[in-house]
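See below for the structure under consideration.
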Amino acid sequence: MIADTAHSVRDAAGCRWPAPDGIPFLRAGRRALAEAALVHLDAGEVEAALVLLLADQDDWWRGPTAEPAALQRLVRERETLTLREAMRLLAWGPVADYFAHRWSDPTFLAGLALAEAHWNEPHSAFELACGIGHHLRELARRGVAVTGADVVFAKLWVARHWVVPEARLLCLDAAQPWPHLGPFDLVACHDAFYFLEPKRPILEALRGLLDPARGVLLIGHVHNRDWPNLSAGAAVSAGEMAALLPDARLYEDAELTRALAAGRAPQAAPADDLRGAEAFAAAAGPGLPAPRPVTGLLALPPPGAVLRRNPLYDAEGRIAWPSERYGQEYGALATYPPSTSQPPSVPLTAATVEAARRRELVDLPEGW
């Protein structure tokens, strides 16, 4: 894949694809959309091209399509809008709640724990289905060169402008042939593998991105088909996951969250012991180190971070869930207490480090 113009790229077969804001739109199943966007870009109509691409969604989406006028405002006012305002204009609904508060949700903490427990001091990392870049942000702030791919262009565009502007970003379908990438020291897919099909070829493609000597593969928060999940998707059982990754260490997702909160190493489990787990995770690869305590390399914000009181607390310091479903899905495993007296903004110090570990205090992006 090479740059074709300032706003497009060409793949190995010579086919042109739009790449506004440096994000190649490579979705094989959206060729007509790509060509329509290219017409606008070639005519200098960047806003019109972005409005087309930002309205696109994945095949699981059952929500509304964002209004063109809202997307025009999003493009025109992106320098002054907050992340939450941007997601409202994109009409993401409950997905916006998920992204806005992911900084403290237990599934995100489990992913951080999985990465820190098997930290191999990566110089480069790739994440499939990276969303708006929560995990990429944490890696980039530790000096890792990050690449993210997602099927939804709008998520990558939000990542570019509000979360992790330095990332290399690609929009593609997981099941299509990928452009040449890698090798990477760290390859991950968090909280999305249960959506992806066909699973075995996608896992083989992820393995193919690993550095052959030191690469680590992390598959976080895989919904268990044997548990009554709240999400759509194509979940698998723990036994099926073990068969797909026979060399992997498996963890209950809740165990990873608990390990982060306690500052200890997570305990792996055989697949048979995970039959009743809500979700599980896997770690594999030629460079996989033994699990170590999750003391703060990723579990805590980097030095100098300015922390804010978790926005899930209301003015009286009590948790106010953004929706009943959000509270049902994440409340039972939340690491932050039901009430707090923390001030609105404090630095990360020895006095605030435990509140930061619990996510009573959080390290939000500047434009949150």
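Considering each residue of region 14-55, count those that are assigned to a strand (DSSP E or B) and over 27 Å from the mean Cα position of the chain (by Cα), and give that number. Show your work before the answer.
Keep residues of region 14-55 that are assigned to a strand (DSSP E or B), which gives 16-18, 25.
Going one step further and asking which of them are over 27 Å from the mean Cα position of the chain (by Cα), we end up with 16.
Number of matching residues: 1.
Mind checking which residues of region 56-87 are under 24 Å from Ala19 (Cα atoms), outside any loop (DSSP other than H, G, I, E, B) and either open to solvent by less than 40 Å² (accessible area, probe 1.4 Å) or basic (Lys, Arg) (or both)?
Ala70, Leu71, Arg73, Leu74, Val75, Arg76, Leu83, Ala86, Met87
So in region 92-106, with the set limited to residues that are touching a Leu at 6+ places or on another chain (Cβ under 9 Å) and assigned to a loop (DSSP other than H, G, I, E, B), which one is least open to solvent (accessible area, probe 1.4 Å)? Lay out the reasoning, then the answer.
Our first condition is that a residue be touching a Leu at 6+ places or on another chain (Cβ under 9 Å); within region 92-106, this holds for 96, 99-101, 103-106.
Applying the additional criterion that residues be assigned to a loop (DSSP other than H, G, I, E, B) yields 101, 105.
Numbers: His101: 24, Asp105: 0 Å².
This residue is Asp105.
What pairs can you find where one residue is in region 1-21 and in contact (Cβ under 8 Å) with a residue 60 or more places away in the chain, the other is among the basic types (Lys, Arg) and part of a loop (DSSP other than H, G, I, E, B), and their Cβ atoms are less than 8 Å apart, with a gap of 6+ or different chains?
Note: no pairs meet the criteria.
Checking Val144 against (1) on the phi < 0 side of the Ramachandran plot; (2) touching a Lys or Arg at 6+ places or on another chain (Cβ under 8 Å): exactly one of these is not met. Which one?
Answer for Val144: the failing condition is (2).
Somewhere in region 317-335, is a residue touching a Phe, Trp or Tyr at 6+ places or on another chain (Cβ under 8 Å), open to solvent by 60 Å² or more (accessible area, probe 1.4 Å) and closer than 26 Å to Leu139 by Cα?
Checking region 317-335: not a single residue is touching a Phe, Trp or Tyr at 6+ places or on another chain (Cβ under 8 Å), open to solvent by 60 Å² or more (accessible area, probe 1.4 Å) and closer than 26 Å to Leu139 by Cα.
The values are calculated or read from the model by the stated rules, or taken from the named source; none is laboratory data. None of these values were measured; they are calculated from a predicted model. Please note: Cβ atoms are built from the backbone with ideal geometry, for glycine as well, and neighbour counts cover all protein chains shown. Protein only, heavy atoms only, side chains kept; ligands, DNA and RNA dropped before computing areas. Shrake-Rupley method; radii C 1.70, N 1.55, O 1.52, S 1.80 Å.
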